[in-house]
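Here is the structure we will look at.
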Amino acid sequence: MLKTDFLGIKLDNPVIVAAGPWNRDGNSIKASLASGAGAVVTESIVSDAIMDVRPRIAADSMGAQNIRLYSDIQIEGWEREMNIAKSDGGVVIASISGHSPSEVAYMASKMEKFGADGIELSVSNPAVESLEVVASDADTIYEMTKAVVSAVTIPVTVKLSQNTTNIAKVAKAVKAADGSGVTAINTVRGILGVDTDTAKPTLSTYGGISGEYIRPLGLASVATIAQTVDIPISGVGGISTAKHALEYMMLGASVVQIGTAFVTEGYDIIRKIVQELEIWGQDHNLKNISEIKGKALDNLKSFEEMKYEPSVSIVNGTLCTENCSKCIDLCLYGAVTRTSGKINVDRGKCTGCGLCTSICPANKLKLGW
Ligand SMILES: Cc1cc2nc3c(=O)[nH]c(=O)nc-3n(C[C@H](O)[C@H](O)[C@H](O)COP(=O)(O)O)c2cc1C
């Protein structure tokens, strides 16, 4: 039920371990593959030496910020690492990054020779401002994609950034250059927080924010691409449950990738998500998980298409004994009251904004007319 064909690569399931230092060499990739993932993307490989700053990763309950740049193993060293990575089988996609079309083409052809099943061209890095400029530059992305596609016979996807003025335009450039697919999204430039006692930001420079913080951004990016460009999408950003994976797929992703949750929650998370997807598919009588791809897109309208419906909040079950008064306290229009435990909505005051329906922990209110 979960077997899928992504860009012509056969995967046992659509859950992929995203690029990151958890896939920094042959042994770590082997461990990621053993987690039950359909495929693994290497940490981004570059041709120049990288100096690691310390500290470079900080996490909290919502996600992480990182300023790790790229793999510290030079391209030639990846022949040895790929042999180790693939010694038990499994699909390995090589993430590469570089400054010019010829540089990325050279690296892609090397990684194909070393056994990569596909290439993921990374065109952004939130810690490096100059690369963030490339992330919005459809012409440069076209040139780089074209060069890589011409240099290899394996599929090429381009990993896009949400830090761009128009992600659909960039995805169109990938398609025009005959790229096989896109991955969305990379981390988003940000600062996790500031220690107010020492006045020090969590990490000492801007970095890439990942995890829960960015899932709504990832979902919107995937949906925007799916609605405007006919190209396979690998969805990534803030996925830690099967539900999150399904959300990405329903908004147009063919497969999903998991990064931060893989390390903050442990490698078992992959098997758990895969099992939950399997059960969900059986419960919903699916022959293949790909049947849900894009299912939510018909329900996602542009603002101009939104219909005017005279909805107001109505009470679903009159008695509410919850020790809570959120609907009353937070109603922007003073429309909700409670008398002797009975919730009442004044339809004359209610403007149907919907806030109370989403904040009610007991699900007592709904919109209707
Ligand atoms: C510590 C860390 C290092 C990362 N390194 C890379 C990288 O080398 N190449 C890349 O394309 N993305 C890299 N990413 C981005 C992830 O692959 C992924 O796109 C992003 O974190 C969003 O997914 P998540 O919320 O599941 O982590 C990195 C993310 C983290 C947290």
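What follows is calculated from the coordinates using simple rules that are stated; it is not laboratory data. Values in this document were obtained by computation on a predicted structure and should not be read as measured data. Note: ideal-geometry Cβ built from the backbone for every residue, glycine included; neighbour counts use all protein chains shown.
For the chain, the cysteines with no partner cysteine C-beta closer than 4.7 Å are 320, 324, 331, 350, 353, 360.
Please report 136, 100 as a ranked list, fewest other C-beta atoms within 10 angstrom at the top and most at the bottom.
With the fewest neighbours first, 136, 100 line up as 100, 136.
The long axis of helix 101-113 is offset from the longest Cα principal axis of the chain by roughly 80 degrees.
Give me the net charge of residue 331's neighbourhood, meaning all other residues with Cβ under 15 Å from the Cβ of residue 331; Lys, Arg count +1, Asp, Glu -1.
Around residue 331, the charge tally is +4.
Normalised by 2.2 N^0.38 Å, with N the number of residues, the alpha-carbon radius of gyration of segment 308-368 equals 0.99.
May I ask what percent, to the nearest 5, of DSSP beta bridges between residues of the chain are antiparallel?
50 percent
What angle do you read, to the nearest 10 degrees and between 0 and 90, between the alpha-carbon axis of helix 138-151 and the longest principal axis of the chain? The helix 138-151 is inclined about 50 degrees to the chain. For the peptides 321-332, 195-206, the ranking by mean Cβ contacts within 10 Å, running from highest to lowest, is 321-332, 195-206. Quick one: if you stick a label point 7 Å off each Cα along the C-beta vector at residue 329 and residue 287, how many nm between them? Each label point is offset 7 Å from its Cα along the Cβ direction, giving 5.3 nm.
Count the net charge of all other residues whose Cβ sits under 13 Å from the Cβ of residue 169, scoring Lys and Arg as +1 and Asp and Glu as -1.
0
Toward the positive end of the charge dipole of segment 54-184, with +1 on the Cβ of Lys and Arg and -1 on the Cβ of Asp and Glu, the farthest Cα among 58, 153, 101 is that of 58.
Rounded to whole Å, give me the distance from the Cα center of segment 139-194 to that of segment 1-56. Distance between centres, Cα-based: 17 Å.
With both residues required to sit in segment 183-256, DSSP beta bridges show an antiparallel share near 55%. Taking Lys and Arg as +1 and Asp and Glu as -1, the other residues whose beta-carbon sits under 12 Å from that of residue 322 total +3.
Please go through segment 1-73 and write out the trypsin sites (Lys or Arg not before Pro) that DSSP classes as loop and that have at most 16 other C-beta atoms within 10 Å. Display every interim value, and only then the final one.
Details: sites: 3, 10, 24, 30, 56, 68; in loops: 3, 24, 56, 68.
Listed in order of number, the matching sites are 3.
Sorting 117, 283, 52 from the fewest to the most surrounding beta carbons within 10 angstrom yields 283, 52, 117.
Only helices enter the 222 nm calculation for the chain: every DSSP H run of n ≥ 4 contributes -39,500 (n - 2.57), and dividing by all residues gives -9000 deg cm²/dmol, rounded to 500.
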